[in-house]
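Inspection log for the structure reproduced underneath, given as structure tokens.
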Amino acid sequence: MKIAIFGTGYVGLVTGACLADVGHQVLCVDVDEKKIQNLKNGLIPIYEPGLEPIVKLNVEAGRLSFTTNAEEAVAFGDLQFIAVGTPPDEDGSADLQYVLTVARTIGRHMQDYKVVVDKSTVPVGTGDKVGAAISDELERRGVSLDFDVVSNPEFLKEGDAVGDFMKPDRIVVGVQSERAVSLMREAYEPFNRNHDRMVVMDVRSAELTKYAANAMLATKISFMNEIANLAELLGADIEQVRKGIGSDPRIGYHFIYPGCGYGGSCFPKDVKALVRTAKDVAYDAKLLSSVESVNDSQKHVLFRKLSEHFNGKLAGRTFALWGLAFKPNTDDMREASSRVLMESLWAAGAKVQAFDPKAMEETQRIYADKDELMLCGTKEQALKGADALIICTEWKEFRSPDFGYIVSALKEPVIFDGRNLYDPERVQRKGVQYYGIGRGLSISKGVEA
């Protein structure tokens, strides 16, 4: 099939590369000329495991190409994927200006039947707005052409997006016509060989499915953070609680790890947007509002622990920080807990020595003017002369550190672990004071010992 994809960001590039990898002809279009030129030269704008090789392979094979010419893209593709950004407005609602601009562009240039696929995460009712925008452009032109608008939300985990696309657990498709269903099945047929993963529904239900999925996962995380904070006050160990409830198959072990708050491009934005959508129909989404509130508070938990340990005297101190990205296997720092922590430390007069395996360039881009931040080449370098070690991201290379070196490098052997990577008693036997998230019982045992 011939497929055009508007947007070469995280979703658009992964979608385009993976569709090309199974044999489709894919043309990706973007207004950013520099980004398109870089992609033509093999330079990938994001870090995502496995993405770079399939982009290069399919460009070389002639199945994947890039352009800034929207008219060319509209003429090229039977399927027109919209995968542009939907950033939050000040009121939390999703900003649809880029989505609707693409819709109008398609309506302005199309010469025959098209299936317009909303791949971007969009509020319920966006399909209607996209259809109206296309119809308006066709009416201006004085032409009558058939088209279908389809909702095909993405369910890609940053850090494993290629695997998620190539081996999806479900392919949600919201459609209005059998003609569109047939074309979507053809597009996704290579991903359905083992069994049919396509879940077909109406457009509005598909749009809500995406938000509901992310809101459910965010709710699980905030719930566990609430229980972790309670466990700490009660002298219980949240890790033991996690294992206890995770063994119940109705709950499961996924997304019940407590920590210093979730971030990224999806959960914070999508929960806000769903709360706003509820307000638009005069519904008070109390649970979702609480999920957001708990997460915002959780991003300050490490700073509170630091302040208590150092009796509020943080000015003039230097802290080692391991992990800057909002999660492992990405360089994405959008809504990252590390940013909230660093900015709080700087406001208190402290300095930060930071290391992340992939997010150093992004951190430099965001905080280029911060003299209070030193980016270090290794995790060991970040420790030297620091008053304490803080962990914000659970990268694998942080899981088994040299505790002897940590003790020798830090001014005071103390770890503030925002991801519960270590066993408190084992760490304390190494001579390191340990603060985790919700590890009340383990800490008190270690102190008594």
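The values are calculated or read from the model by the stated rules, or taken from the named source; none is laboratory data. These numbers come from a predicted model, not from an experiment. In this analysis, Cβ positions are derived from the backbone assuming ideal geometry, glycine residues included, and neighbour counts consider all displayed protein chains. Note: areas computed on protein heavy atoms with side chains; ligands, DNA, RNA excluded. Shrake-Rupley method; radii C 1.70, N 1.55, O 1.52, S 1.80 Å.
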Next on the checklist: As an exercise: evaluate ALA347 against (1) in contact with a Leu (Cβ under 8 Å, 6 or more places away or on another chain); (2) surrounded by fewer than 20 Cβ atoms within 10 Å (Cβ to Cβ); (3) closer than 24 Å to SER297 by Cα and give the number of the one condition it does not meet.
Outcome noted: (1)
Checklist entry - If you check every pair at least six apart or on different chains, which have Cβ atoms under 6 Å apart with a residue in region 273-300 that is free of Cβ contacts under 8 Å to residues at least 24 places away in the same chain first and a residue that is in a helix (DSSP H, G or I) and open to solvent by less than 70 Å² (accessible area, probe 1.4 Å) second? => result ALA285/VAL275; ALA285/ALA278; SER289/VAL275
Checklist entry - What are the residue pairs meeting all of these: first residue in region 247-260, first residue free of Cβ contacts under 8 Å to residues at least 24 places away in the same chain and over 18 Å from ILE390 (Cα atoms), second residue of a type in the set (A, V, I, L, M, F, W, C) and open to solvent by 20 Å² or more (accessible area, probe 1.4 Å), Cβ atoms under 7 Å, and 6 or more apart or on different chains? => result ILE251/ILE245
Next on the checklist: With the requirement that a residue be within 30 Å of the chain's Cα centre (by Cα) and farther than 14 Å from ALA388 by Cβ, what does region 423-439 give you?
Outcome noted: ASP423, PRO424, ILE437, GLY438, ARG439
Checklist entry - How do the helices (runs of 4 or more DSSP H) wholly within region 186-302 filter down when requiring 2 or more residues that are polar (S, T, N, Q) and within 27 Å of ASP128 (Cβ to Cβ): which remain? => result 203-234
Next on the checklist: One residue is enough: does region 367-377 have a residue meeting the conditions at pLDDT 95 or above, under 26 Å from TYR257 (Cβ atoms) and open to solvent by 30 Å² or more (accessible area, probe 1.4 Å)?
Outcome noted: no
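Every residue in region 162-180 that is buried (at least 18 other Cβ atoms within 10 Å of the Cβ), closer than 16 Å to VAL14 by Cα and touching a residue at least 60 places away in the same chain (Cβ under 8 Å), please.
First pass over region 162-180, keeping only residues buried (at least 18 other Cβ atoms within 10 Å of the Cβ): 162, 165, 168, 171-175, 180.
So of that shortlist, the ones also closer than 16 Å to VAL14 by Cα come out as 162, 165, 168, 171.
VAL162, PHE165, listed by residue number.
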Item to check | Breaking point among (1) small (Gly, Ala, Ser); (2) open to solvent by less than 10 Å² (accessible area, probe 1.4 Å); (3) over 27 Å from PRO168 (Cα atoms), for GLY131 | outcome: (2)
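Could you check region 19-114 for helices (runs of 4 or more DSSP H) lying wholly inside it with 3 or more residues that are basic (Lys, Arg)? Working first, answer last.
Values: elements: 33-40, 51-60, 70-76, 97-109.
Helices (runs of 4 or more DSSP H) meeting the threshold: 33-40.
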Checklist entry - Condition test on GLN353, is it in a helix (DSSP H, G or I), of a type outside the set (A, V, I, L, M) and closer than 16 Å to PHE398 by Cα? => result no
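For region 376-443, which strands (runs of 3 or more DSSP E) that fit wholly inside it have 2 or more residues that are more than 26 Å from GLU361 (Cβ to Cβ) and of a type in the set (A, V, I, L, M, F, W, C)? Spell out the reasoning first.
Numbers: elements: 388-391, 414-417, 433-435.
Qualifying strands (runs of 3 or more DSSP E): 414-417.
Among the residues of region 185-195, write down those that are closer than 24 Å to GLN25 by Cβ and without any contact (Cβ under 8 Å) to a residue 12 or more places away in the chain. Steps first, answer last, please.
Keep residues of region 185-195 that are closer than 24 Å to GLN25 by Cβ, which gives 185-193.
GLU189, ARG193 - these are the residues of region 185-195 that are closer than 24 Å to GLN25 by Cβ and without any contact (Cβ under 8 Å) to a residue 12 or more places away in the chain.
Yes or no: LEU389 free of Cβ contacts under 8 Å to residues at least 60 places away in the same chain and surrounded by 22 or more Cβ atoms within 10 Å (Cβ to Cβ)? Let's see the steps before the verdict.
On the way: free of Cβ contacts under 8 Å to residues at least 60 places away in the same chain: no; surrounded by 22 or more Cβ atoms within 10 Å (Cβ to Cβ): yes.
No.
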Next on the checklist: Restricting to region 143-159, give me the number of residues that are buried (at least 24 other Cβ atoms within 10 Å of the Cβ), assigned to a strand (DSSP E or B) and not polar (S, T, N, Q).
Outcome noted: 2
Checklist entry - Can you name every residue in region 70-95 that is open to solvent by 70 Å² or more (accessible area, probe 1.4 Å) and not acidic (Asp, Glu)? => result ALA75
